[in-house]
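Everything on this sheet refers to the single structure shown next.
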Amino acid sequence: MVGRLLLRGMIVGAFAGILIFAFAHAFGEPLVDWAIGFEEKAAQAAGETSEPEIVSRATQAGIGLFTGIVIFSTAIGGLFALVFSFVYGRISPFGARGTAALLAIAAFVTISLVPYIKYPANPPAVGNPETIGARTELFFIMIVASIVGMIVAVGFGRRLAARYGSWNGAIIAGIGYVVFIALIQYLLPPINEVPEQFSAVVLWRFRLASLGMHAILWTTLGLAFGAWAERQLPQPRYGNTTLHRAWHAK
């Protein structure tokens, strides 16, 4: 059964990748072209020679972008299915659709939204090439901290639910997660390398389009995978480990 879920997760992830590519090609690539033009004009004004184009822009925005997005989304879909198979029937009494939707929301907040608030995506011409290593490290530190905080919050919330009820336990755990993330974001250094002449509108639209790509990925996984998995899985009873062993053995 886990193998079947893994395959379905990868298929849904590939489908999400196609949707993301269409969205990125329509809304993201024009902004990238504008940013590249801005970078080239700035280099010409500074008397710098343009570097040779190893891969054509058409290839980057076409088959290159499509291949990268689909492979990434397929991998994420497989990981999503594996995590789903572990938490199904353990963290909530919801069925397959509810569990997948809840997991997708948690993943979007933890992996995409929270790190994005601190270190949003930047188009070409934004950012110092010499600091790319440090910026990448800080971004992944933020992702790891967010994932650890979410895992601790979920475990803490389950313990509180037994004493204060599910709703109150979830609220207290959620507040704890927000406080933890606020502290981490306060301690991590900010990054501000946007040129003064760069269009604020283009920057905002690019970052919005980038976040929209993440939203498409997690929404597709949460809805499509949950609906597909529901056909094969029984309705769980919360915390029923016997049920877990039964369907994992199928």
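What the table below lists for this structure:
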| item | result |
| --- | --- |
| Selected residue [within 12 Å of the chain's Cα centre (by Cα) and hydroxyl-bearing (Ser, Thr, Tyr)] from 131, 110, 136 | 110 |
| Residue match in region 69-76 (condition: assigned to a helix (DSSP H, G or I), closer than 28 Å to residue 226 by Cα, open to solvent by less than 40 Å² (accessible area, probe 1.4 Å) and modelled with pLDDT under 95) | no |
| Sole exception among (1) of a type in the set (Phe, Trp, Tyr); (2) more than 15 Å from the chain's Cα centre (by Cα); (3) within 14 Å of residue 217 (Cα to Cα) for residue 72, by number | (2) |
| One residue from 86, 80, 108 being open to solvent by 60 Å² or more (accessible area, probe 1.4 Å) and among the aromatic types (Phe, Trp, Tyr) | 86 |
| Some residue of region 41-49 being under 24 Å from the mean Cα position of the chain (by Cα) and either at pLDDT 75 or above or surrounded by 15 or more Cβ atoms within 10 Å (Cβ to Cβ) (or both) | no |
| Cβ-Cβ under 8 Å pairs, at least 6 apart or on other chains, region 70-81 side over 8 Å from residue 14 (Cα atoms), far side open to solvent by 60 Å² or more (accessible area, probe 1.4 Å) and at pLDDT 95 or above | 75/10; 78/10; 81/10 |
| Odd one out for residue 63 among (1) open to solvent by 60 Å² or more (accessible area, probe 1.4 Å); (2) touching a residue at least 24 places away in the same chain (Cβ under 8 Å) | (2) |
| Condition met for residue 121 (under 21 Å from residue 9 (Cα atoms) and in contact with a Phe, Trp or Tyr (Cβ under 8 Å, 6 or more places away or on another chain)) | no |
| Matching entry among 191, 151 (being among the β-branched types (Val, Ile, Thr), within 21 Å of the chain's Cα centre (by Cα), modelled with pLDDT under 95 and under 30 Å from residue 39 (Cα atoms)) | 191 |
| Positions within region 93-120 being outside any helix (DSSP H, G or I) and either in contact with a helix residue (DSSP H, G or I) (Cβ under 9 Å, 6 or more places away or on another chain) or under 18 Å from residue 203 (Cα atoms) (or both), in sequence order | 94, 95, 119, 120 |
| Number of positions in region 1-23 that are open to solvent by 60 Å² or more (accessible area, probe 1.4 Å) and of a type in the set (D, E, K, R) | 1 |
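The values are calculated or read from the model by the stated rules, or taken from the named source; none is laboratory data. If you're wondering where the values come from, they're calculated on a predicted model, not measured in any experiment. Every residue, glycine among them, receives a Cβ derived from its backbone with ideal geometry; neighbour counts consider all protein chains shown. These area figures cover heavy atoms from the full protein model, side chains too; ligands, DNA and RNA do not enter into them. Shrake-Rupley method; radii C 1.70, N 1.55, O 1.52, S 1.80 Å.
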